[in-house]
Amino acid sequence: MNVQVTAGKLADLKTEALALGFLEGDMELAGPKAEADEISGGLIAKVLASGDFKGKANQVLVLHTPDKAIKRFALVGLGKAADLSLDKMRNGGGKGTSSLRDLGVKDVAVLIPGPSHAKTDLGKDWPALAQAVAEGALLSLWSMHDYRTKERDELKAVESVTFVTEDAGAKAQLESAVGVARVLAESITETRNLVMHPSNVVTATRMAEEAVRIGKEVGLEVTILEKADMEKLGMGGVLGVNQGSVEPPKFIIMTHNGGEKGEAPIAVIGKGITFDTGGISIKPGEGMEKMKYDMAGGAATIGIMRAIAKLGVKRNVVGLVPATDNMPSGTAIKPGDILTSYNGQTVEVLNTDAEGRLVLMDAIAYAVKDLKAQAIIDMATLTGACVIALGMEAIGVLGNNQPLVDRILACGEKTGDRGWQLPLWKEYNELLKSDIADMKNIGGREAGTITAACFLNRFTDNTPWVHLDIAGTAWTEREKPYRPKGPTGVPVRMVVELLSNWEPVSNKA
Ligand code: BES
Ligand code: MN
Ligand code: ZN
């Protein structure tokens, strides 16, 4: 997609359609909106006076002005000034462009009035506001049609988006804000596509190939550990989960050297289960097809690494994705089997469907042992319990370091990838006691999200660590303007925000 930024008179703008936002009840046509009204021949003013459009959140009214220089105007509601947030701005940007896309418009522009027209407190950080609008606009246009062979000419896609402000003095700020939004949107597109493809296409091998391709495109070092390498290293978790499969496992390592030489890296780890049948502890058939998204954490890792490389984040960051499917077969692991993790701990597998933690334990141990990471962030569609507890709105957040948890929660609020903390108290550890090994891989029905995190914490060796359970948020059936149905790309924006403003954390917290 072609993305542009312009600043200056709207009369000079060449576009098929222009989207412009209105706060609820604020129908004033000043500055650039007055210019837009003039181009529309006064139609915008007449429609606003009619009361048909009130600016309620996500309300859209498209005006047709076939005889004018701009053929369509999309009036987009942003809701009440008091409720305004960056996420409302994302929704506004998304609603404007996606509504025009649905009409078949190929070339759209989005008005972002300059800093002097910002009407709420949100306008004090104008670049953040502009970035949010641009993120929403670009993210809303994602769709994937790779598997449609019929009526392809009826598919609608925007080819060009122009972000425009009337304030020539704000052009540089707008360019950089749109630049960041664009990197995020393109990286999230990679993540969403990886998640959307079915598991017969995105195998562990294909995930590794995509990581290599993206690494080349943006300048990341990418290393793939093969099955034989993992056997040599003793990664009993990944190998155990892979044991029932005919697809070879891959351990993807993506390295961004943005920081000082010798500075300990931050490890970003994503669960890469390309399909989760449950294994011998097989899942019920209904809804099982959705388990292609069990690699969403891994796909987010790849998206995050792409984004930070493109943004030139000045830190050393290593992305790790243990990738395999979880299959039942004559060679699969069985309940009661005992696996040994990369750092030598034994795990009694009482349920082969609790496989995510088994691949993550090796990756976390690798981050501690081999990378000597200064901090670890892991992302995983880890527990159904998280979907029950928090639904599709909040990422489950747990960690061993409260300042780091607080920071990631704040990044969630800012970026719209919102999280909510659950306790990681020592008491819950009791539930993981095994009669035969160092631990078992399930804690029973109660507090499933917490016991899963307790399990992971046994491999962190007190390295500051935060775990993001994205089982409820990585995929959505309830769309938002900038989050169409399907893979959401959560938590790419949240983690990129954290890494972009990284400060060392003490491990004493
Ligand atoms: N991938 C699932 C978790 C999941 C469930 C993700 C629903 C997205 C939507 C995970 O591997 C799993 O099966 N977890 C089990 C753990 C249990 C056996 C302790 C679960 O949540 O039921
Ligand atoms: Mn499972
Ligand atoms: Zn799983």
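The values are calculated or read from the model by the stated rules, or taken from the named source; none is laboratory data. In this text the structure is predicted, and so the values were computed from the model without any measurement. Cβ coordinates were reconstructed from backbone atoms using ideal geometry, including for glycine residues, and neighbour counts include every protein chain displayed. The accessibility values were calculated without ligands, DNA or RNA, using every heavy atom of the protein model including side chains. Shrake-Rupley method; radii C 1.70, N 1.55, O 1.52, S 1.80 Å.
Hey, can you tell me all the residues within the range 7-30 that are crowded, with 16+ Cβ neighbours inside 10 Å and under 22 Å from residue 119 (Cβ atoms)?
7, 10, 18, 19, 20, 21, 22, 23, 24, 27, 29
Taking the range 455-493, which residues are of a type outside the set (Val, Ile, Thr), in a loop (DSSP other than H, G, I, E, B) and closer than 17 Å to residue 383 by Cα?
Across the range 455-493, the qualifying residues are 471, 472, 474, 491.
Restricting attention to the range 407-462, which residues are over 30 Å from residue 185 (Cα atoms), of a type in the set (Gly, Ala, Ser) and in contact with a strand residue (DSSP E or B) (Cβ under 9 Å, 6 or more places away or on another chain)?
Selection gives 434, 437, 452.
Open to solvent by 50 Å² or more (accessible area, probe 1.4 Å), of a type in the set (Val, Ile, Thr), at negative phi and more than 16 Å from ligand 2 (Cβ to nearest atom): is that true of residue 415 in this structure?
Considered against the rule, which asks whether it is open to solvent by 50 Å² or more (accessible area, probe 1.4 Å), of a type in the set (Val, Ile, Thr), at negative phi and more than 16 Å from ligand 2 (Cβ to nearest atom), residue 415 comes out as no.
With the condition kept exactly as written, say whether any residue in the range 120-130 is in a loop (DSSP other than H, G, I, E, B) and at pLDDT below 95.
Yes, some residue in the range 120-130 is in a loop (DSSP other than H, G, I, E, B) and at pLDDT below 95.
For residue 169, which of the numbered conditions (1) open to solvent by 40 Å² or more (accessible area, probe 1.4 Å); (2) part of a strand (DSSP E or B) fails to hold?
Condition not satisfied by residue 169: (2).
Mind counting the residues in the range 325-368 that are farther than 15 Å from residue 249 by Cα and within 12 Å of ligand 1 (Cβ to nearest atom)?
8
With respect to residue 473, determine if the residue is in contact with a Gly (Cβ under 9 Å, 6 or more places away or on another chain) and among the polar types (S, T, N, Q).
yes
Sort out which residues of the range 444-478 are among the aromatic types (Phe, Trp, Tyr) and within 16 Å of ligand 2 (Cβ to nearest atom), and write them in order of number.
455, 475
Take the residues in the range 40-94 that are open to solvent by less than 20 Å² (accessible area, probe 1.4 Å) and hydroxyl-bearing (Ser, Thr, Tyr); name whichever of them is nearest to residue 413 (Cα to Cα).
Looking at the filtered set, the residue picked out is 40.
Checking residue 393 against (1) under 28 Å from residue 242 (Cα atoms); (2) more than 16 Å from ligand 3 (Cβ to nearest atom); (3) of a type outside the set (Phe, Trp, Tyr), only one condition comes out false. Which one?
If we test residue 393 against (1) under 28 Å from residue 242 (Cα atoms); (2) more than 16 Å from ligand 3 (Cβ to nearest atom); (3) of a type outside the set (Phe, Trp, Tyr), just (1) comes out false.
Please verify whether the range 37-47 includes one or more residues that are farther than 30 Å from residue 190 by Cβ and within 35 Å of the chain's Cα centre (by Cα).
Scanning the range 37-47 turns up no residue that is farther than 30 Å from residue 190 by Cβ and within 35 Å of the chain's Cα centre (by Cα).
Hey, among 448, 412, 472, which residue is under 24 Å from the mean Cα position of the chain (by Cα), within 16 Å of residue 353 (Cα to Cα) and at pLDDT 95 or above?
448
Given the conditions (1) out of contact with any His (no Cβ under 8 Å at 6 or more places or on another chain); (2) within 16 Å of ligand 1 (Cβ to nearest atom), report the number of the one that residue 292 does not fulfil.
(1)
Of everything in the range 122-146, what is open to solvent by 50 Å² or more (accessible area, probe 1.4 Å) and in contact (Cβ under 8 Å) with a residue 24 or more places away in the chain? Give them in sequence order.
Of everything in the range 122-146, those that are open to solvent by 50 Å² or more (accessible area, probe 1.4 Å) and in contact (Cβ under 8 Å) with a residue 24 or more places away in the chain turn out to be 143, 146.
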